[in-house]
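Q: Let me give you the structure first, and then I'll get to my questions.
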Amino acid sequence: MSFTFIQQMPLPDSLKNNLKISDEIKALKEKRDDEIKKVFAGESNKFLLIIGPCSADNEDAVLDYTSRLAKISEKVNDKIIIIPRIYTNKPRTTGMGYKGMLHQPDPEKKPDLIAGLKAIRKMHIRIVNETHLTGADEMLYPENHLYVDDLLSYVAVGARSVEDQQHRLTVSGLDIPAGMKNPTSGTLSVMLNSITAAQSGHTFIYSGSEVKTSGNEYTHAILRGAVNKHGQTLPNYHYEDLILLHELYEKENLKKPAVIVDCNHSNSGKKYQEQIRIANEILHSMRHSSDINKFVKGLMIESYIEPGAQKIGEHVYGKSITDPCLGWDDTEKLILNIAEQL
């Protein structure tokens, strides 16, 4: 057997007891969850912006960035609900490279997952306390959700995980909106099957127990573009793509038709500045079609304090060490511009 067992992970309740949240945070999260759910239920016309760094690699920089989001949120909160991306797990296509704060609280040191769990919970608590914004994270490992489920208002299942049974069934037990990305192949049926599974109830093994779920009606689609067999990126944010997905939703008779469009990744070909143009095109499509206007609930945008990306060890404050991101100046302008168009 080639496994080497390094250390026993703490139980979620144990970690939560050591890093407790206040009654104020509980009330704030409940209020935010309700506001966001109303958007997916069609009871609110507010627009969602799930926005922030590709990976949350530095607590102070992420808090600085999120504090800036909180200030601009006050200017646009009559039209936009800002959900900061606080992505602490980083999927890797080859399995190599920086896997996020969960694995490496310090990107320049060896992995330490217990220290990582403590670091991400501490960071989430600090952000909610100081900015009053509850965030989004990617569900890279389904069981890790139990360590932060009292702090998150949104979860995304990535393109490489969306066909996995455990991810689908875990989402079926969540009480917050969860987005299922299309797979890297772009096959929409895979994403729609995942939504169907997560909107249904199941009995399965989770965290060492037999559990039963009732289904998550707020599970929805995320379009993030695709990659063809030649390695070329294929965007799927255009008007025709949105109309097609809307028709497929109706055909499958899924609950609460909704899509979030990821403006980066294969939609932009990782040309991060293209996110501005893509966001504007989607807003144009929404103005052109009442169906699309009701269907598109928001955007995902990757941004940080400094534009672009850097290598680990360069130590540029607030600059991504994974995928390149928009800088703050462009981010602020984009948020205000989106609000003007809504």
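Q: In region 146-167, which residue that is over 13 Å from ALA221 (Cα atoms) and among the hydrophobic types (A, V, I, L, M, F, W, C) is nearest to the chain's Cα centre (by Cα)?
A: LEU152
Q: Would you pick out the residues in region 237-277 that are at positive phi, assigned to a loop (DSSP other than H, G, I, E, B) and of a type outside the set (S, T, N, Q)?
A: Once the filter is applied, which keeps residues that are at positive phi, assigned to a loop (DSSP other than H, G, I, E, B) and of a type outside the set (S, T, N, Q), region 237-277 yields LYS256, GLY269, LYS270.
Q: Scan region 286-305 and report the pairs whose first residue is under 14 Å from LYS79 (Cβ atoms) and whose second residue is among the basic types (Lys, Arg), with Cβ atoms within less than 8 Å and a gap of 6+ or a chain change.
A: Close Cβ pairs satisfying both conditions: ASN293/ARG287.
Q: Output the residue which, of all residues in region 200-228 that are at pLDDT 95 or above, in a loop (DSSP other than H, G, I, E, B) and touching a strand residue (DSSP E or B) at 6+ places or on another chain (Cβ under 9 Å), is surrounded by the most Cβ atoms within 10 Å (Cβ to Cβ).
A: ARG224
Q: Considering each of GLU130, GLU138 in turn, give the residue that is buried (at least 17 other Cβ atoms within 10 Å of the Cβ), closer than 25 Å to CYS325 by Cα and of a type in the set (Asp, Glu).
A: Exactly one of GLU130, GLU138 is buried (at least 17 other Cβ atoms within 10 Å of the Cβ), closer than 25 Å to CYS325 by Cα and of a type in the set (Asp, Glu), namely GLU138.
Q: Consider LEU63 against the criteria (1) at pLDDT below 95; (2) in a helix (DSSP H, G or I): it satisfies all of them except one. Which criterion is unmet?
A: (1)
Q: Still on this structure: Specify the residue that is nearest to ILE335 (Cα to Cα); the eligible residues are those in region 302-324 that are among the hydroxyl-bearing types (Ser, Thr, Tyr), touching a Gly at 6+ places or on another chain (Cβ under 9 Å) and in a loop (DSSP other than H, G, I, E, B).
A: My answer is TYR304.
Q: Considering (1) without any contact (Cβ under 8 Å) to a residue 60 or more places away in the chain; (2) closer than 16 Å to VAL148 by Cα, say which one VAL128 fails and leave the rest.
A: With (1) without any contact (Cβ under 8 Å) to a residue 60 or more places away in the chain; (2) closer than 16 Å to VAL148 by Cα applied to VAL128, the lone miss is (1).
Q: Restricting to region 1-48, and then to whatever is in a loop (DSSP other than H, G, I, E, B) and basic (Lys, Arg), can you tell me which residue is surrounded by the most Cβ atoms within 10 Å (Cβ to Cβ)?
A: Among residues in region 1-48 that are in a loop (DSSP other than H, G, I, E, B) and basic (Lys, Arg), the one surrounded by the most Cβ atoms within 10 Å (Cβ to Cβ) is LYS46.
Q: Would you check which residues across region 146-163 are outside any loop (DSSP other than H, G, I, E, B) and crowded, with 21+ Cβ neighbours inside 10 Å and list them?
A: Residues satisfying the conditions are TYR147, LEU152, SER153, TYR154, VAL155, ALA156, VAL157.
Q: Filter region 170-196 down to residues that are under 14 Å from LEU248 (Cα atoms) and of a type in the set (A, V, I, L, M), then give me how many there are.
A: Result for region 170-196: 5.
Q: Can you tell me which residue within region 102-154, out of those that are in contact with a strand residue (DSSP E or B) (Cβ under 8 Å, 6 or more places away or on another chain) and polar (S, T, N, Q), is nearest to LYS71 (Cα to Cα)?
A: In this case the residue turns out to be THR131.
Q: Something else: Here are some residues: ASP329, ASP262, ASP323. Which one is charged (D, E, K, R) and over 21 Å from PRO183 (Cα atoms)?
A: ASP329
Q: Restricted to region 104-122, and to residues that are in contact with an Asp or Glu (Cβ under 8 Å, 6 or more places away or on another chain) and in a loop (DSSP other than H, G, I, E, B), which residue is surrounded by the fewest Cβ atoms within 10 Å (Cβ to Cβ)?
A: Residue satisfying both the conditions and the ranking: PRO107.
Residues are listed down the side, and each one gets a yes or a no for (1) buried (at least 19 other Cβ atoms within 10 Å of the Cβ); (2) not aliphatic (A, V, I, L, M):
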| position | (1), (2) |
| --- | --- |
| GLN232 | no, yes |
| TYR272 | yes, yes |
| ARG277 | no, yes |
| HIS284 | no, yes |
| ASN293 | no, yes |
| LEU299 | yes, no |
| ILE305 | yes, no |
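Q: Residue by residue through region 250-300, note down the ones that are touching a helix residue (DSSP H, G or I) at 6+ places or on another chain (Cβ under 6 Å) and among the charged types (D, E, K, R).
A: Passing the criteria: GLU252, LYS256, ASP291, LYS297.
Q: Examine region 50-64 for a residue that is surrounded by fewer than 18 Cβ atoms within 10 Å (Cβ to Cβ) and among the hydroxyl-bearing types (Ser, Thr, Tyr), and state whether such a residue exists.
A: No: region 50-64 contains no residue that is surrounded by fewer than 18 Cβ atoms within 10 Å (Cβ to Cβ) and among the hydroxyl-bearing types (Ser, Thr, Tyr).
Q: Looking only at region 21-50, filter to residues that are β-branched (Val, Ile, Thr) and touching a helix residue (DSSP H, G or I) at 6+ places or on another chain (Cβ under 7 Å); which one of those is nearest to PRO177 (Cα to Cα)?
A: My answer is ILE25.
Q: Take region 168-198 and flag every residue that is more than 14 Å from ALA226 (Cα to Cα), touching a residue at least 60 places away in the same chain (Cβ under 8 Å) and over 16 Å from the mean Cα position of the chain (by Cα).
A: LEU192
The values are calculated or read from the model by the stated rules, or taken from the named source; none is laboratory data. Keep in mind it's a predicted model, so treat the numbers as computed, not measured. Glycine gets a Cβ as well: all are built from the backbone with ideal geometry, and neighbour counts include every protein chain shown.
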